[in-house]
Amino acid sequence: MGQIIDGKAVSAKVKEEIRLETEKLKEQGVEIGLAVVIVGDDHASQVYVRNKEKACETVGFNSFKYALHAETTEEELLDLVKKLNEDDRVDGILVQLPLPKHLDDKVIINNIRPDKDVDAFHPVNVGKIMIGDYSFLPCTPAGVMELIKSTGTDIAGKECVVVGRSNIVGKPQAMLLLHNNGTVTICHSKTKNLKEVCSRADILVAAVGRPKMITADYIKEGAVVIDVGMDRDENGKLCGDVDFEDCKDKASFITPVPGGVGPMTIAMLMRNTLTAGKAHHGIE
Ligand code: GUN
């Protein structure tokens, strides 16, 4: 039986460190603020935004929520982003994705000040990740790295396979593993012999969005298996990209869904916001 990686526990530890640091900053008169913008009434997005607000409360940040109606125009949203860019109380800005279809994510993200872009989605931050000079680490891949580190696994020289090539997870995930000296392969829907490639992995990160796609025959005995998926199974129950029951005895460490990567993403968002806040106040 592999060990289950407890994302909630690792996340709670990170948030507690942030809370203590935030408390100290407050004593020096420094407050940290995160603005969260949500457009429309997508249910999943509302849940994510609520969790981000709760996390702010836990660590002692000020949170500013802007809930805009689904018909908000690009001009209105850009006006808000501009206002938040200039607002000294706001250290981090997060525009929840996906946006309604008539709004272009790229245009909005490109207008967030890079030093307030706590998602690390702005091209300036994406470019910095590429060259290993990062102010902010993208939240989900950074959370995955913390979980791998929590297992005591040394990434250097290991075969790392990332399944999925999204801009938000797959691509930056591969970069972070590479910067930690992993030997990295990125797989996607056109990859030939996917099973064979995955079964070479000492560290397998699944981020494809296909329920329970990774079964035991995709993984190597003793692999570290990290599941970024947030899918629904045939009964509508939340599950990951990895068939947990099938893989748990073959993996050395494995993340559950829920309770694995999910809680880490928010903890990393808090960390980025603290980093942004300290930079804005000229604190090391
Ligand atoms: N929607 C799903 N995940 C994310 C995320 O990490 N950041 C933002 N802004 N939107 C999301």
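The values are calculated or read from the model by the stated rules, or taken from the named source; none is laboratory data. If you're wondering where the values come from, they're calculated on a predicted model, not measured in any experiment. Neighbour counts run over all protein chains shown; Cβ positions are idealised from the backbone, glycine included. When the accessible area is computed, the model is the full protein with side chains, heavy atoms only, and any ligands, DNA or RNA have been set aside. Shrake-Rupley method; radii C 1.70, N 1.55, O 1.52, S 1.80 Å.
Some notes on this structure:
- Boolean, residue 167 is within 17 Å of the chain's Cα centre (by Cα) and either among the hydroxyl-bearing types (Ser, Thr, Tyr) or open to solvent by 50 Å² or more (accessible area, probe 1.4 Å) (or both): yes
- Subset of segment 81-98 [in contact (Cβ under 8 Å) with a residue 60 or more places away in the chain, under 11 Å from residue 34 (Cα atoms) and under 18 Å from the mean Cα position of the chain (by Cα)]: 92, 94
- Test: residue in segment 73-91 that is open to solvent by 40 Å² or more (accessible area, probe 1.4 Å), of a type outside the set (Phe, Trp, Tyr), closer than 29 Å to residue 14 by Cβ and at pLDDT 95 or above: yes
- Restricted to segment 115-127, and to residues there that are more than 14 Å from the ligand (Cβ to nearest atom) and open to solvent by 60 Å² or more (accessible area, probe 1.4 Å), the residue that is nearest to residue 281 (Cα to Cα) is 115.
- Of the residues 159, 146, the single one that is in contact with a helix residue (DSSP H, G or I) (Cβ under 9 Å, 6 or more places away or on another chain) and touching a residue at least 40 places away in the same chain (Cβ under 8 Å) is 146.
- Contact map, segment 46-63: residues that are within 16 Å of the ligand (Cβ to nearest atom) paired with residues that are open to solvent by less than 70 Å² (accessible area, probe 1.4 Å) and acidic (Asp, Glu), Cβ distance under 6 Å, separation 6+ or inter-chain. Pairs shown: 63/53.
- Answer residue from segment 103-114, given it is away from the ligand (no atom under 14 Å from the Cβ) and charged (D, E, K, R) and is nearest to residue 36 (Cα to Cα) among those: 113
- Applying the condition of being open to solvent by less than 90 Å² (accessible area, probe 1.4 Å) and part of a loop (DSSP other than H, G, I, E, B) to segment 189-200 and asking which residue is nearest to residue 148 (Cα to Cα) yields 199.
- The listed residues are 227, 249, and the only one of them that is in contact (Cβ under 8 Å) with a residue 12 or more places away in the chain, within 16 Å of the ligand (Cβ to nearest atom) and closer than 20 Å to residue 6 by Cβ turns out to be 227.
- Count of residues meeting criterion [open to solvent by 10 Å² or more (accessible area, probe 1.4 Å) and either closer than 26 Å to residue 142 by Cβ or not hydroxyl-bearing (Ser, Thr, Tyr) (or both)] in segment 201-238: 24
- Residue in segment 24-39 that is farther than 23 Å from residue 125 by Cα, in a helix (DSSP H, G or I), more than 16 Å from the ligand (Cβ to nearest atom) and touching a Gly at 6+ places or on another chain (Cβ under 8 Å) present: yes
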